[in-house]
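Taking it in order: structure first as structure tokens, then the write-up.
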Amino acid sequence: MWEEDVRLMREAGVNVVSVGIFSWARLQPTADTWDFGWLDDVLGLLHEGGVGVDLATATASPPPWLTTAHPEVLPVTATGETLWPGARQHWRPTSPVFREHALRLVRTLAERYKDHPALVAWHVSNELGCHNVYDYSDDAARAFREWLRERYGTLDALNDAWGTAFWSQRYSAWEQILPPRLAASHPNPTQQLDFKRFSSDALKDYLRAERDLLREITPDVPVTTNFMVMGNTKGMDYADWAEEIDFVSNDHYVHPGPQDRDELSFSANLTSGISGGRPWFLMEHSTSAVNWQPVNVAKRPGELARDSLLHVAHGADAVCFFQWRQSAAGAEKYHSAMVPHAGADSDLFRAVAELGATLKTLAPVAGSEREPAKVGIVHDWDSWWASEQDSHPTALLRYRQEALDWYSALLRLGIRADLVTTRSDLRRHQVLIAPVLHVVPADLAKTLTRYTEQGGHLITTYFSGVVDEHDHVWLGGYPGALRDLLGIRVEEFGPLLAGDSVELDDATTGTLWTDRITVTADDTDVLVRYRTGEQAGRPAVTRRPSGRGTAAYVSTRLGVDGLAALLPRLLAPAGVESELPAEARGSVEPVVRRGPEGRFLFLVNRTDDAVPVPGLDGEVLLGDTGDDGALILGPRAVAVLRQPAS
Ligand code: GAL
């Protein structure tokens, strides 16, 4: 089949593939035997066919001989259960035994293929943390203590940071400290937050170990690993990982739902933010259905291309799929592929080949970077982790959903926005939206204040500014660290029960949360008030001038409709409006990349209907025009206009 595979790859325009991701047991059948013959053949065939190889280090899943000889590499859950072999990725990120065996494999592979002409990149492990980010084993406990020693230096500092005076938790020796295993009640919140930070760092440390070895053997071959910026994958702080690799790669799968393509755009956009606006590599997505959702919906005609090109619009310079050929056996046999069970004589393979041809016409786009949008949305892993912890005012808060709602509202208005992180250069954006920016250390508060003083417009929401980096509440009234900047004070939160809502005086509706706000500065404007509920008559949305900019606060969950209604007022001081013709607003997502070959305006049809997009200048690289020469986007279609670079 392999020769046929290479022939089909050429037909489809495939010029790079990932190889060997879960092949450890094939490459090293026993502790002392190796079998590279088959991989030599595969790489040879690919090279002859002009296909480059992103070669996996194959360490993602330990083989049965290893876990039988060393069951101590297996991860342990918070309740003390072992995750047994039989699926995949059953290894402890902190296991020295696992690391020794894995690095031996990496070294052997790298030595063997270091000069192979097909090798274009190294693919470390696979989706680090996909199934094993939280391990509560004794190895993890040991490594957690080392990490804590490094962070706090002394036990006193740790006791202070964790607030261990509470509930008799004071530690008198490092050995007493454990991961937050199943406890009688809520484990210490700072312990939980630090364990999340530690778990992300432990995987990052493992990534570095493989990377360092690869760089030693092949200093000129770029190293990557595939991130999972998507949906609710929150265990890995990718903003912190990005600088460890030579280029960012991402995997993305659509979770069917009302905002599914907005979520795709959000994730692709955030991947670009993590990558510093530089191009990145879409390592995996699906040609059609996946196999791991309760119901695995096939993609509709046009979605394969539209989804792919939406990633390209947000900076993907490679579009790859899991998987090449759909297997007849194994857990993923019902997962779609580029060559389906039906074979190459199929609509699906024809759509894949058509995409290959389309990507060829977009070659000038490769290498171009994201053109900063006027609006930035801040995504912060610490706030995501901390805001969703237990024993809070509400268990219903969903950090990423709130951010996605703001993003969807901007899409509906046809306004471009960039997902950025707290590590990004925030001054590039005239408006910064920071939904549920819960963790605000003193220096971040200063950065945001300076941002507004220098002319930036900050918009933040409920449950923001409440705690510092140790998850200690900023005292004196909420929103703590941002209280003075916003010119408001909240003495008590007013979370709402599921199903409850309040009306606001601009005819929008709030759910989830309300705040009892007192205005504390003379110049704080009340933009919207509560009309019903416990806070009736009190401020719901406020804005205050700060230096040359402003700082606004939205105290309830407005959802996409409410935010789309409110946003024009919030954006007015910055003069931000849609760049799209009125006919296209809401139906079309605009995204811009810019490089030496031009400014590329991507227009993505978000609807199932044809949408005219008149009045835009530029050479049509991709897309159809009507008799009058104006662009018309077919249902789910994408157009690309090349405009002069300056
Ligand atoms: C990813 C993984 C692939 C495949 C895919 C299925 O998690 O990297 O190996 O399992 O999902 O959607």
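The values are calculated or read from the model by the stated rules, or taken from the named source; none is laboratory data. What you see is a predicted model, and the numbers here were worked out from it, not measured in a lab. Using ideal geometry, Cβ is built from the backbone for each residue, glycine included, and neighbour counts are taken over all protein chains shown. Surface areas here come from the heavy atoms of the whole protein model, side chains and all, with no ligands, DNA or RNA. Shrake-Rupley method; radii C 1.70, N 1.55, O 1.52, S 1.80 Å.
Data for the structure
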| read-out | value |
| --- | --- |
| CD proxy at 222 nm, helix term only [per DSSP H run n ≥ 4: -39500 (n - 2.57); per residue of the chain; nearest 500] | -9500 deg cm²/dmol |
| Surface share of carbon and sulfur [accessible, 1.4 angstrom probe, percent] for region 40-173 | 52 |
| Separation of alpha-carbon centers, region 377-394 and region 10-42, rounded to whole Å | 41 |
| Considering only the chain, percent of DSSP beta bridges that pair antiparallel, nearest 5 | 55 |
| Euclidean distance of C-alpha centroids, region 284-313 and region 50-90, integer Å | 28 |
| Reach of LYS333 by Cα under 22 Å, taken over lysines that are not fewer than 8 positions away in the same chain | LYS299 |
| Cross-link reach list, lysines versus LYS114, counting only Cα pairs under 25 Å and skipping chain neighbours closer than eight places | LYS204 |
| Positive-pole candidate from LEU128, GLY629, HIS90, dipole of the chain, charges at beta carbon | GLY629 |
| With eigenvalues of the C-alpha gyration tensor scaled by 5 and rooted, region 375-574, Å | 21, 19, 18 |
| Gyration tensor verdict on the chain (Cα atoms; rounded if a/c is under 1.5, prolate if a/b is larger than b/c, oblate otherwise) | oblate |
| Linear extension gain, ARG7 paired with GLU332, 0.36 nm per residue minus alpha-carbon span | 114.6 nm |
| Within region 375-574: Cβ-based charge dipole about Cα centre, in debye rounded to nearest 20 (Lys, Arg +1; Asp, Glu -1) | 660 |
| Å² per residue, accessible surface of the chain at 1.4 Å | 40 |
| Positive-end residue of SER288, TRP324, ALA157, charge dipole of the chain with Cβ unit charges | ALA157 |
| In range of the label at GLN169: residues from region 46-82 whose backbone nitrogen is under 18 Å from the point 7 Å along Cα→Cβ | 78-79 |
| Calculated FRET efficiency for the pair ASP523/THR79, C-beta based, R₀ 56 Å, to 0.05 | 0.55 |
| THR394-ARG450 FRET efficiency (beta carbon distance; Förster radius 41 Å; 0.05 resolution) | 0.80 |
| Listed peptides 338-344, 403-409 by packing density, highest first (mean Cβ within 10 Å) | 403-409, 338-344 |
| Computed label-point distance, nm, for sites ASN232 and GLU619 using a 7 Å Cα→Cβ extension | 4.7 |
| Counting DSSP beta bridges with both ends in region 585-643, the antiparallel % (nearest 5) | 95 |
| Student exercise, the chain dipole from Lys, Arg, Asp, Glu Cβ charges, in Debye to nearest 20 | 640 |
| Apportionment of accessible area to carbon and sulfur, region 290-393, percent (1.4 Å) | 58 |
| Rounded to the nearest 20 debye, dipole of region 605-646 from Cβ charges on Lys, Arg, Asp, Glu | 220 |
| Charge dipole (the chain, unit charges on Cβ, about Cα centre) - positive-most of ASN226, ALA551, TYR238 | ALA551 |
| Centre separation in Å (Cα based) which lies between region 498-534 and region 163-212 | 38 |
| Order by protection proxy (mean Cβ within 10 Å, highest first), peptides 603-610, 451-458 | 451-458, 603-610 |
| Mean Cβ count within 10 Å, highest first, over the residues of peptides 619-631, 4-16 | 4-16, 619-631 |
